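**Student:** I have a structure here, written as structure tokens, and I will follow up with some questions on it.
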Amino acid sequence: MAGQGIHIEGLSKRYGSGDTAVLALKDVNMHVAPGEVVGLIGPSGSGKSTLLKCLGAVIDPTTGRMTLGDEVIFDGGWKVRDLRALRRDKIGFVFQAPYLIPFLDVTDNVALLPMLAGMSNGQARERAMALLTALDVRHRAQAMPAQLSGGEQQRVAIARGLVNRPPVILADEPTAPLDSERALAVVRILDEMARQYQTAIIVVTHDEKIIPTFKRIYHIRDGVTHEEAGEGRRF
Ligand SMILES: Nc1ncnc2c1ncn2[C@@H]1O[C@H](COP(=O)(O)OP(=O)(O)OP(=O)(O)O)[C@@H](O)[C@H]1O
Ligand SMILES: [Mg+2]
């Protein structure tokens with residue numbers, strides 16, 4: 001997709017109402033260029049997952065504006081009629097918990113999304129295999145999710161988030177269960193994806209192993225974002 005990546009302006013999110021309301025996001029401003037990977041860092045409860053869920057159209061923001069590519073998706077209300085199609089076609093999610101489908105083997109867990117998008121089974125499996133190889137889990141391609149270690153499950157979930165080459169990838173703690181070498185391999189793959197397919201990627205993380213690799217970082221505290229330069233260390 002040609003476009004301008006992700007733009008978020010003045011985003012807020014209130015959970016609930018009245019005395020029990022929680023203002024999880026107060027004033028979020030972010031932009032991520034196509035081809036860029038940015039880090040999103042902040043203490044527990046600062047609103048990181050809430051922000052990814054708003055951007056991923058999983059929950060409704062309260063106020064603000066969000067643009068994906070050249071499409072305004074939210075401006076005080078949703079501007080897209082079919083939010084399911086938006087999630088399916090434009091956004092790749094990598095969640096904190098892997099959520100693999102327990103009765104499909106590893107290959108089919110990854111190949112399912114491109115098959116649903118209309119790709120032939122053979123092509124979808126081939127694409128899945130390429131990612132499983134890059135993520136060092138190809139040898140587990142025929143295993144069922146329950147037979148995998150936590151780190152292996154996480155790498156399969158990452159392959160699934162990337163397989164449709166969406167223009168936007170939202171990753172919530174993608175490297176938490178991984179050792180240093182594999183965590184850096186995940187960052188390398190995200191970076192390659194971003195550059196090759198002009199994907200805009202946001203990575204929520206506490207992981208000290210990968211934080212130095214970001215060129216730009218957003219800090220979020222009490223629902224307010226601040227941008228700063230990262231080290232941009234090579235990996
Ligand atoms: N469904 C909900 N209903 C009410 N409050 C919620 C809901 N989900 C999150 N919150 C509150 O919103 C705030 C932000 O939560 P969020 O999950 O976005 O934090 P986070 O930065 O992802 O934290 P962590 O690092 O622990 O994952 C917290 O105060 C949380 O308790
Ligand atoms: Mg969270």
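Just so it is clear, none of the values below were taken in a lab; they were calculated from the coordinates. Everything numeric here is computed off the predicted structure, so don't read it as measured data. Here the Cβ is made from the backbone with ideal geometry for all residues, glycine too, and neighbour counts use every protein chain on show.
**Student:** Rounding to the nearest 10 and keeping the result within 0 to 90°, find how far the Cα-based axis of helix 121-134 lies from the longest principal axis of the chain.
**Tutor:** On a 0 to 90 degree scale, this one is about 80.
**Student:** With label points built 7 Å along Cα→Cβ from the Cα atoms of residue 231 and residue 101, find their separation and express it in nm.
**Tutor:** Rounded to a tenth, the inter-label distance reads 4.1 nm.
**Student:** Here's something else I'd like to know. Could the peptides 72-80, 208-216 be put in order, highest first, of the mean number of other beta-carbon atoms found within 10 Å of their residues?
**Tutor:** Top to bottom by mean Cβ count within 10 Å: 208-216, 72-80.
**Student:** Residue 25's amide H: which non-local residues (gap 5+, or another chain) put their own amide H closer than 5 Å, with H modeled 1.01 Å from N in plane and none for Pro or chain starts?
**Tutor:** Distant-sequence amide H within range of residue 25: 13.
**Student:** For the chain, what does the helix formula give at 222 nm: sum of -39500 (n - 2.57) over DSSP H segments with n ≥ 4, over the residue count, nearest 500 deg cm²/dmol?
**Tutor:** Value at 222 nm, helices only: -9500 deg cm²/dmol.
**Student:** Take 15, 218 and order them by how many other Cβ atoms sit within 10 Å, fewest up front.
**Tutor:** 15, 218
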